[in-house]
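Quick notes on the structure that follows.
Laboratory data are not the source of any read-out in this text; all were calculated from the coordinates shown. Keep in mind that this is a model prediction, so the values were computed, not measured. Positions of Cβ are generated from backbone atoms using ideal geometry, with glycine treated the same way; all protein chains shown enter the neighbour counts.
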Amino acid sequence: MNAAENEPSINQVVDRLAARFPHVPRPHIAGVVGEEFDALNTGRIKTFIPTLAERGARVRLQSEFGIRAAGD
């Protein structure tokens, strides 16, 4: 997936995580999600990248801010 193909998926993941972590600045969430997408983009199977990136970003945000997401 190239950057243009990832953009809608990244935006959706950022939207979901922003709703779950309302106290975390949206630009920070977007940065974490972008890093997760970049880290996963080297794999051969691209189908699960949005799901894996969202999970990785959620875990990082929970760890970084020491709290559970709303709805967990």
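Volume per residue of the convex hull around the Cα atoms, evaluated for the range 12-72, comes out as 72 Å³. Any idea how far apart HIS23 and THR42 come out in nm if each label point goes 7 Å out from Cα toward Cβ? Output for this residue pair reads 3.5 nm.
Calculated FRET efficiency, GLN62 to GLU7, Cβ-Cβ distance, R0 = 25 Å: about 0.50 to the nearest 0.05.
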